[in-house]
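Report on one structure; see the data block that follows.
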Amino acid sequence: MGWGRFLIIVATFYIVVNALFAVAYLACGRGALVGQGFAGHSDFFSDYFRAYFFSVETFGTIGYGNIAPLGMPANVILTAESFIGLLSAALATGLVFARFSRPNAAIVYSKQALIAPYRDMTAFMFRCANERSNQLIEVSVRIMYSRIVVRPSGERVREFTSLPLEFDKVTFFALSWTVVHPIEESSPLFYCTSEALAASEAEFLVLLSGNDETFAQTVHSRTSYKAHEIVWNARFRSMFIESRGKGTTGMDLSRIHDYDLVNT
């Protein structure tokens with residue numbers, strides 16, 4: 001959840017709870033709240049707004065003292081609101097702290113996976129890179145191949161197979177990483193075609209995890225590729241940029257999705 005949506009939900013909860021308690025105070029009668037409240041008590045500041053802002057003071061443990069409850073019903077409601085306010089403040093504080101302290105991986109994946117020529121065979125591959133400047137170390141990746149298979153009884157079930165990778169772990173994830181599954185004779189993709197993948201509702205589930213050196217915590221990222229997101233007979237373009245003047249090499253993240261079709 002983004003920060004905007006999170007803050008809107010918290011603000012909505014705050015407004016609604018105070019509005020409900022204002023109604024509860026009004027239900028106790030006009031004499032349940034005593035004090036001046038608003039100078040002159042004009043028509044605009046009706047009894048409801050008087051009760052509403054008293055609820056805000058109680059919920060936030062502010063207590064200016066110019067309005068006070070009178071009678072057992074109003075004091076019972078005030079006690080309940082104080083208790084709910086304390087719990088709500090503790091919960092909101094915990095959520096905000098968790099959002100600040102929990103690291104999140106910002107991994108960008110290529111929009112398409114490729115089945116491309118690779119050495120003396122073909123391979124299933126996709127590309128990923130770290131969008132942030134922080135370093136991820138001991139990064140590992142797993143690919144689960146999911147598809148519908150038909151059992152001898154005619155029952156259609158979804159089957160999952162872990163695909164072996166050329167490299168399933170890197171020590172430093174500083175630049176980009178092209179994750180490769182060689183399609184050898186033992187691979188479940190060895191006899192597959194694009195039509196077969198589509199017919200079996202195939203999907204490749206990707207889970208990447210690593211250690212964020214800034215927070216010294218494990219972060220996770222995931223994505224998936226369906227049959228229509230796989231391009232056959234293609235090769236990724238290079239993402240690297242060389243600065244001849246400075247003698248340094250960089251990486252252009254906007255090129256992570258680029259590929260060229262090849263003849264096989």
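Every read-out reported here was derived from the displayed coordinates using simple, explicitly stated rules and does not represent laboratory data. This structure is a prediction, so every number in the text was calculated from the model and none was measured. When we count neighbours, we look across all protein chains shown, and the Cβ atoms used for this are built from the backbone with ideal geometry, even at glycine.
The calculated FRET efficiency for Phe83 paired with Leu175, based on their beta-carbon distance and R0 = 51 Å, is about 0.40.
Computed over the range 3-101, relative contact order equals 30 percent, with contacts defined as Cα pairs under 8 Å that lie 6+ residues apart. To the nearest 0.05, what FRET efficiency results for Ala106 and Val76 with a Förster distance of 41 Å applied to their C-beta separation? Calculated transfer efficiency: 0.25. Taking all Cα pairs closer than 8 Å and separated by 6 or more residues, the relative contact order of the range 134-203 comes to 36 percent. For Trp232 and Ser186, the FRET efficiency from 1/(1 + (r/R0)^6), where r spans their Cβ atoms and R0 equals 22 Å, is about 0.60. In the range 162-208 the Cα-Cα distances spread across 5 Å bins starting at 0 as 4, 16, 24, 23, 16, 9, 6, 2 percent of all pairs. Considering the chain, its Cα convex hull presents a mean projected area of 25.7 nm². Relative contact order of the chain, taken over Cα pairs closer than 8 Å and 6 or more residues apart, is 16 percent. Compared with the direct C-alpha span, the chain from Ile137 to Ser162 gains 6.7 nm at full extension, assuming 0.36 nm per residue. Of the residues Ser88, Ala27, Tyr48, the one whose Cα sits farthest towards the positive end of the charge dipole of the range 1-156 is Ser88 (charges of +1 on Lys and Arg Cβ, -1 on Asp and Glu Cβ, taken about the Cα centre).
Placing a label point 7 Å from the Cα of Ile148 along the Cα-to-Cβ direction, the residues of the range 172-211 whose backbone N falls under 19 Å from that point are 192-205. For the pair Ile62 and Val262, label points projected 7 Å from Cα toward Cβ lie 6.7 nm apart.
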